[in-house]
Amino acid sequence: MHAFHIRYHNTQGTLMRILNAASRRALDIPYVHAKASGPEHKATLLLEVNVKQIGQLCRDWHAIVDVTDVSVGAAPESRDDLDAEPWAISHPYTSRGVRDASASAARA
Amino acid sequence: MLKGAEIVLRCLRAEGIDLVFGYPGGAIMPLYDALDGSGVRHILTRHEQGAVFAAEGYARATGRVGVAMATSGPGATNLVTGIADAKMDSVPLVCITGQVRTAMIGTDAFQETDVFGMTLSLTKWSRIVRTIEEIPEAIAEGFHWARSGRPGPVVIDIPTDIMKGKMEFAGAVKFIPRAKPAEAHVQPGFGETLVAMLRAAKKPVALVGAGAKISGAVSDLRLMLDHLKIPTIATVHGLGAVPPDAPYYLGMVGMHGTRASNTALHETDLLLVFGARLDDRVTGDPARFAPDARIVHFEIDPAQLDRVRACELSVIGDLADTIPAFHRDIKAASLPGWSEWLAIAAGPERAELDPRGLSQSTVRFLDELFSRLPENSFVVTDVGQHQMWAAQRYRSSFPRGFITSGGLGSMGFALPAAIGVQMAKPEALVVCVSGDGGFQMNIQELATVRRLNLPIKNVIIDNKYLGMVRQWQQLFYARNYAETDLSDNPDFVAIAEAYKIHSFRLGEEAMREFPVTEQTGDVLERFLHSSGPELLVFDCQPEANVYPMVPAGAALSEMLFEED
């Protein structure tokens with residue numbers, strides 16, 4: 001199970017677009033919580049996904065106009081700990097970075 | 001004081017819009033009432049789907065935002081296929097829908113639908129306007145998102161009371177997007193990395209998609225490819241981006257791509273992707289797609305990365321920026337040549353087979369037709385066998401010249417889209433190629449063609465089947481032609497004549513001689529160069545198939561050919 005924090009401006013439909021990214025993949029959403037968080041809002045989702053889906057979902061969320069940040073991590077054992085966020089790291093907007101590819105190119 | 005509807009139109013003018021496509025109805029009547037004298041010309045189609053496809057055609061031909069208008073309820077739901085189509089093919093589109101009065105929203109009022117909700121997963125951005133004061137901001141923001149980054153569709157839903165209300169209008173506003181902390185930019189140093197990957201590559205291939213055209217990067221792309229001289233292939237939306245006579249160009253790739261393109265893609269060890277989504281029609285079986293390749297993906301929309309295969313290097317940004325940057329890097333670098341690989345990839349053993357069998361006459365017909373088109377002509381196709389034949393035979397270096405519904409594959413697209421193209425480019429020759437199935441899905445738009453006297457040259461490739469489905473039934477469903485028989489088609493010539501559009505049939509026997517006889521040639525010339533609209537019905541062999549074909553779920557190397 002993975003947990004995701006999605007930060008967004010609470011404009012019309014943004015939360016629904018966030019949820020749609022999961023529902024269109026026929027993923028169950030056993031936990032979702034959205035609330036105001038500073039000047040933005042934050043949605044927290046628990047999803048059973050594989051590594052490829054994590055990348056797809058995070059990039060889809062980043063592509064939503066009013067999403068500002070996406071973090072992901074292994075779900076903590078207790079849902080009480082979900083809000084703490086130390087378990088989550090920001091998911092990059094892109095896939096592999098140049099540094100990774102440089103090393104790979106050098107190995108080739 | 002201006003009415004909300006007048007403010008909407010003022011804001012559209014401020015966005016450079018002087019032409020919209022639509023269909024009136026109850027909830028959007030205030031907007032129609034304000035059209036006269038607004039400077040916005042409205043094109044009445046005969047169905048809302050016709051309006052949205054026409055707006056798409058306008059946008060695809062020009063790169064500008066297309067605008068469609070419809071009323072609430074069924075008017076709005078009839079737009080939905082076009083909105084989905086624009087999302088898949090990255091078409092900048094703004095749809096303005098009327099909505100029931102604010103106080104009635106949520107009551108299941110007459111002609112109320114939640115168009116905002118139903119299009120959330122299809123739009124890039126959308127908004128229900130709640131007060132008259134929001135109108136300028138909503139229009140400005142909608143147009144911004146429709147145009148920016150990867151273009152796409154936007155819906156702005158305006159309740160009828162908002163359009164009837166009045167306020168002092170201070171002028172259109174400019175939308176300034178909020179900064180996104182995670183905004184992607186081109187990562188410095190990608191050129192150096194890429195040069196290293198190129199140096200290590202023995203069989204590099206460039207794959208060109210729509211992004212090169214949408215970004216306006218075609219000139220830079222061609223310069224870069226002329227420098228690299230590696231085998232180059234195109235998606236159906238990439239057609240026209242690379243001159244078809246370039247010695248390194250191998251043609252269209254994918255399910256009905258050329259044998260040279262699909263083979264090169266299967267064999268490559270370094271795939272450079274320029275603005276393509278790599279959808280399943282391009283990749284075949286994802287697990288066996290370019291099995292030996294490292295992939296470098298030039299892309300403006302990070303959401304398109306790694307959908308099918310993880311890329312080794314993503315180069316995020318507008319191709320108009322990243323391609324010149326890449327070109328500068330490779331010009332400064334010492335690279336190996338790939339002439340031996342190119343000689344194999346573009347060699348005679350991989351050349352296309354001459355058209356043969358049941359498809360021969362149709363392929364010859366399209367060759368004869370397309371060879372007579374001036375360079376800056378538009379070919380607009382519907383969806384199905386004729387679409388793939390047309391894509392295979394299209395030979396033009398006019399980047400926006402081939403217009404088709406690629407991602408969504410929406411039958412009924414071609415005729416209304418051709419209307420939009422012709423409205424955008426009144427001097428251009430616009431040829432609309434449809435099948436007998438798809439043509440009937442928006443056949444009512446012949447009335448729009450007639451009303452505007454648009455000189456669109458319509459072609460129906462008539463095989464009296466839903467041909468592509470029938471082909472699959474033949475090949476993969478033991479010839480069980482379930483519900484694909486259209487042998488009771490109406491008389492298309494008589495229908496066109498009823499719309500006062502000159503029409504005639506051309507039998508496939510006209511293509512037995514190739515090149516065609518002088519007489520047939522004259523028929524085609526008159527068809528293409530008459531001053532008004534035309535309809536040509538070409539009798540296609542009912543069981544003609546499109547080859548090569550990569551069966552669904554097969555690897556690109558597993559093409560079927562006609563002799564198979």
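The values are calculated or read from the model by the stated rules, or taken from the named source; none is laboratory data. Every value quoted in this text rests on a predicted model; they were computed, and no experiment measured them. Note that we place each Cβ from the backbone using ideal geometry, even for glycine, and neighbour counts take in every protein chain shown.
A count restricted to the range B:232-254 and to residues that are assigned to a loop (DSSP other than H, G, I, E, B), under 19 Å from B:Leu353 (Cα atoms) and more than 17 Å from the chain's Cα centre (by Cα) stands at 4.
Each row is one residue, and each column tells you yes or no for (1) surrounded by 15 or more Cβ atoms within 10 Å (Cβ to Cβ); (2) touching a His at 6+ places or on another chain (Cβ under 7 Å); (3) of a type in the set (Ser, Thr, Tyr); (4) within 14 Å of chain A (Cβ to nearest Cβ).
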site	(1), (2), (3), (4)
B:Val173	yes, no, no, no
B:Gly189	no, no, no, yes
B:Asp220	yes, yes, no, no
B:Ala234	yes, no, no, no
B:Leu239	yes, no, no, no
B:Val253	yes, no, no, no
B:Thr258	yes, no, yes, no
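No other residue among B:Arg64, B:Arg41, B:Arg60 is crowded, with 21+ Cβ neighbours inside 10 Å and basic (Lys, Arg) apart from B:Arg60. When B:Trp145 is tested against (1) within 11 Å of another protein chain (Cβ to nearest Cβ); (2) within 19 Å of B:Thr113 (Cβ to Cβ), just one condition goes unmet, and that condition is (2). Filtering the range B:1-23 to residues that are buried (at least 18 other Cβ atoms within 10 Å of the Cβ) and under 21 Å from B:Thr45 (Cα atoms) leaves B:Ala5, B:Val8, B:Leu9, B:Leu12, B:Ile17, B:Leu19, B:Val20, B:Phe21, B:Gly22, B:Tyr23.
Each row is one residue, and each column tells you yes or no for (1) in the same structural domain as B:Arg512 (by TED's automatic domain parsing); (2) assigned to a helix (DSSP H, G or I); (3) in contact with a Pro (Cβ under 8 Å, 6 or more places away or on another chain).
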position	(1), (2), (3)
B:Ile330	no, yes, no
B:Gly337	no, no, no
B:Trp341	no, yes, yes
B:Ile344	no, yes, no
B:Ser361	yes, yes, no
B:Glu375	yes, no, no
B:Val379	yes, no, no
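Collect the residues in the range B:305-361 that are away from chain A (no Cβ under 14 Å), among the hydroxyl-bearing types (Ser, Thr, Tyr) and surrounded by 16 or more Cβ atoms within 10 Å (Cβ to Cβ), keeping them in residue-number order. Answer for the range B:305-361, where residues must be away from chain A (no Cβ under 14 Å), among the hydroxyl-bearing types (Ser, Thr, Tyr) and surrounded by 16 or more Cβ atoms within 10 Å (Cβ to Cβ): B:Ser359, B:Ser361. Against the test of being among the hydrophobic types (A, V, I, L, M, F, W, C), closer than 17 Å to A:Ala63 by Cβ and more than 14 Å from chain A (Cβ to nearest Cβ), the options B:Val80, B:Val100, B:Val154, B:Val91 yield a single qualifying residue, B:Val91. For the range A:1-45, a residue qualifies if it is more than 10 Å from chain B (Cβ to nearest Cβ), buried (at least 18 other Cβ atoms within 10 Å of the Cβ) and not in a helix (DSSP H, G or I), and the qualifying residues are A:His2, A:Ala3, A:Phe4, A:His5, A:Ile6, A:Tyr8, A:His41, A:Lys42, A:Ala43, A:Thr44, A:Leu45. Here B:Gly98, B:Gly75, B:Gly82 are screened, and the one residue that is at pLDDT 95 or above, crowded, with 19+ Cβ neighbours inside 10 Å and either part of a strand (DSSP E or B) or among the hydroxyl-bearing types (Ser, Thr, Tyr) (or both) is B:Gly98. Looking only at the range B:412-422, decide whether some residue is out of contact with any Cys (no Cβ under 7 Å at 6 or more places or on another chain), closer than 17 Å to B:Leu366 by Cα and surrounded by 24 or more Cβ atoms within 10 Å (Cβ to Cβ). Among the residues of the range B:412-422, not one is out of contact with any Cys (no Cβ under 7 Å at 6 or more places or on another chain), closer than 17 Å to B:Leu366 by Cα and surrounded by 24 or more Cβ atoms within 10 Å (Cβ to Cβ), which makes the answer no. Hey, does the range B:209-217 have a residue that's within 25 Å of B:Val546 (Cα to Cα) and more than 13 Å from chain A (Cβ to nearest Cβ)? Yes, that holds for at least one residue. Scan the range A:46-69 for residues that are over 24 Å from B:Phe116 (Cβ atoms), within 14 Å of another protein chain (Cβ to nearest Cβ) and assigned to a strand (DSSP E or B) and the total you get is 1.
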